[in-house]
Each structure stands twice: as structure tokens, then as C-alpha cells.
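K.L.:
Structure in C-alpha cells, see below.
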Amino acid sequence: MTRAQKITLGFLSAITCSLLLVVLNAASQVSLAWSQQPLGPTLAYPTEWKLPATWTASPGAPQRTNTLAPTLTFESDTPAPPFLACYGLPAMTVLAIGTDARSDEYRVGRADVMRAVRVDFLARRVTALEFPRDLWVKIPGIEQNLQTDHQKLNTAYTYGNPDYGPSLLAHTLDLNFGLKVDHYIVANMNVFVDVVDALGGLDITIPEGGIDGRTSSDRSARLVFPEGPQHLSGEQALTLARIRNVSVFKRAEHQNMVMCALRKKIESPEAVLRLPAIIDSFMKNIRTDLTPEQISQLACLGTQMPRRDILFTSFPLGLFHTSETYDPVLKQDVFVWDVNFDTLRYYVSEFQAGTWPSYSPSGTPEPETSSCE
């Protein structure tokens, strides 16, 4: 090879390498931008919630044609580079919503399960606080259409649909209890059934005495869970989590038991082989404003955190008393919880500060807690 040929070849190689670096840099920028884009609509808190004058809805028949124009968007600050270590990040509060819709459409139905999930990346701890669905709360923006500004908490998600269910529920929780939500994730019942079935079912030990969910109107054997080890399908696990002939707090215990069994199954080696089916279930039935970057950070945290540091909690039972109130929408008396909202506000503020339930001031009622140990 002549000197001229070598020079020409070197020149072309330099150009090629330069072009390759440009392409790689552009690709990395695209990847970075994609990783920081929310996967769904972000939480929107209009300065004043006002539903359209033509808007009508009832808890059983949500409308799906109107939208609300947001004027302010809240996003958590996650400055860490994408897909890197998940320590040193600010705490995050995610509103987890399980809807009672039994179709492939996650934007209809009421909020059957509502939990504020505080993710503490520094302490490597996750705490989930349940909000009872039968709290009689003020919901902004509904008075003009319903001639009332109060409804049950779980209907806030319905009245915000089709596009602002999570936002209206988050705003309602803030207005009544001071909960500040960074992000949300919504799942309908199908995702739970599909994921459990994709994993091959769950192994759960039913406590002594068993669980009998039968009612006077439904005596089906599917509602009976004998004590001892049980292998449950997705539908059976969902049935256990939704048994209603018990207190809302006992129902939360059943849900915690199922969620711990689900986490244990996901950690098993055989779960890796079932990932395609699991991912497919999530894609069809989940809505969230988390970004791929944030999801990777949460996944990273999950691999480094012992089961005892995933804590399920609820407000102290002694704070709640059964009551009834007249619902002008349903035009009948409905069951609600009688509780001091200022007291709940106090617990919520301590929860978000990370000092409760890990620390309860002297003289305060003990919370109902459980972990996956």
C-alpha cells in the first residue's frame, strides 16, 4: 500500500469514526429524552376545578367524552442520570389506584383500592398507606352539576374521567388530607388476574380459621378459603383480595397477604421465563405518568431492599366509627366512616415526612401495619 493510499484510508477512517460518534451521541440523546418522558398524562391540578356545564356523571356510569384543561403540572425532581444507581434520590409519593372495571379499559369504574406509596430511596424503604373508599369527602368541581360538593372518596376518580381521574382523585386527597402526590399508577382488575396467571399462580397460607367471604346473597364456594397452604389462580387471588363481608381494614390485610405472595413469586427464578407474558399484561391494563427512567430506579430499589422494608399500613382502627349520610346523587342514605379529618391530616403529614408509622408519638393510637416477612 502506497503512502498516498494509507493517507486516504486514514482520512476515510477518521470520517467514519466521526460519523459513528455523531450517530451514537444522537442516539444517546434520543434515549435520554425517551427515558425522561412520562408514559401517560401527567398529574394536572387546575387552579380551579370546574367541570363542563354539560358534564353529567354518576358513580355507575362515568362519561368518556369531556376533558379538563390543566393549567399546572406537577412533576417530581429526579436529577440522577437514567438507568444508574437508585440511591441518593429524593423521596417519591405515588398514588396507586386499583379500579373496579372488569374490562380492558382502565379509565372507567371507581377507585376500588387507593394507596399512597412513599418510596424512600435513602432509607431504601417503601411504605403504602391505604385510604378507605367510604370516606365522605369534598370533591372540587362537581357541585355545579351534582348540586353537592361531597361524595365518597372512591368516586373522585370516576368524576375526573375519562382523562383526569388520577388528577381529580389526587387533588381530592390533597384538599381533604394534605396528601401531596408526585405520580400515579392505575390498574384495572384484569392486570392482577393476568399477571398472577402469567406467573403460574400464587402460594398463600390462609390464617387459622380460614376466610369465609360468603354473604346472604352469594353462597358460592369460590368465596371460601380454608386455612393452611393454598395455591391460587389469578381469579381466586383477586376474589380473596376483594372479599367484602369483612371490615375495610380486614380487607386490606387480605390484600397485603396477596401482594406479599405476588412479590415473592416475582422474585423466583422461574418468573424470568414468564416476563414476556407479564409485560404484555401490564401494557394492556396499566396507566402511569412515571417515566422509563423512574421505573428503572424503582426496579433497582426493589432488587436491593429486604422484604421487611416494604410496609403496608392503615390509619388506626379506633379513629373510625360507622355512620350514614344522605347521598343526593343516589337519593338514599349510604354508609360512610365518621372520622376526624384533622387527625388523618396529622398522620398523613407524618407519613409523608417518613416519621410514621416507623415512629408513633407517645399517646397516639397504633397503626395497623404488616410487612412481607
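The values are calculated or read from the model by the stated rules, or taken from the named source; none is laboratory data. From a predicted model like this one, the values you see are computed outputs, not experimental measurements. Because the Cβ atoms are built from the backbone with ideal geometry, glycine has one as well, and the counts that use them run over all protein chains shown. Heavy atoms of the whole protein, side chains included, go into the accessibility calculation; ligands, DNA and RNA do not. Shrake-Rupley method; radii C 1.70, N 1.55, O 1.52, S 1.80 Å.
K.L.:
Scan (1) open to solvent by less than 40 Å² (accessible area, probe 1.4 Å); (2) among the hydrophobic types (A, V, I, L, M, F, W, C); (3) in contact (Cβ under 8 Å) with a residue 24 or more places away in the chain for the single condition Leu223 breaks and write down its number.
P.N.:
Unmet for Leu223, out of (1) open to solvent by less than 40 Å² (accessible area, probe 1.4 Å); (2) among the hydrophobic types (A, V, I, L, M, F, W, C); (3) in contact (Cβ under 8 Å) with a residue 24 or more places away in the chain: (3).
K.L.:
Kindly indicate the residue of region 242-255 that is assigned to a helix (DSSP H, G or I), out of contact with any Leu (no Cβ under 9 Å at 6 or more places or on another chain) and free of Cβ contacts under 8 Å to residues at least 60 places away in the same chain and also least open to solvent (accessible area, probe 1.4 Å) among those meeting that condition.
P.N.:
Among them, the one singled out is Arg251.
K.L.:
Could you tell me whether Pro365 is in a loop (DSSP other than H, G, I, E, B), open to solvent by less than 30 Å² (accessible area, probe 1.4 Å) and at pLDDT below 95?
P.N.:
No: the conditions fail for Pro365.
K.L.:
Evaluate the following for Thr148: is it crowded, with 20+ Cβ neighbours inside 10 Å, in contact with a Pro (Cβ under 6 Å, 6 or more places away or on another chain) and within 17 Å of Val329 (Cα to Cα)?
P.N.:
So Thr148 fails the test.
K.L.:
Limited to region 120-148, what total is found for residues that are without any contact (Cβ under 8 Å) to a residue 40 or more places away in the chain and farther than 28 Å from Arg251 by Cβ?
P.N.:
Of the residues in region 120-148, 2 are without any contact (Cβ under 8 Å) to a residue 40 or more places away in the chain and farther than 28 Å from Arg251 by Cβ.
K.L.:
Please specify each residue of region 175-215 satisfying the condition of being modelled with pLDDT of 90 or more, open to solvent by less than 30 Å² (accessible area, probe 1.4 Å) and of a type outside the set (Gly, Ala, Ser).
P.N.:
Asn176, Phe177, Leu179, Val181, His183, Tyr184, Leu202, Ile204, Ile206, Ile211
K.L.:
Turning to a different aspect of this structure: Filter region 307-340 down to the residues that are within 24 Å of Gln255 (Cβ to Cβ) and either basic (Lys, Arg) or open to solvent by 50 Å² or more (accessible area, probe 1.4 Å) (or both) and list them by number.
P.N.:
Arg307, Arg308, Leu317, Gly318, His321, Thr322, Phe335, Asp338 - these are the residues of region 307-340 that are within 24 Å of Gln255 (Cβ to Cβ) and either basic (Lys, Arg) or open to solvent by 50 Å² or more (accessible area, probe 1.4 Å) (or both).
K.L.:
Tell me, which strands (runs of 3 or more DSSP E) lie completely within region 127-229 with 2 or more residues that are under 20 Å from the mean Cα position of the chain (by Cα)?
P.N.:
Of the strands (runs of 3 or more DSSP E) lying wholly inside region 127-229, those with at least 2 residues that are under 20 Å from the mean Cα position of the chain (by Cα) span 183-187.
K.L.:
From the list Arg124, Arg64, Arg107, Arg102, which residue is open to solvent by 20 Å² or more (accessible area, probe 1.4 Å) and at pLDDT 85 or above?
P.N.:
So the residue among Arg124, Arg64, Arg107, Arg102 that is open to solvent by 20 Å² or more (accessible area, probe 1.4 Å) and at pLDDT 85 or above is Arg124.
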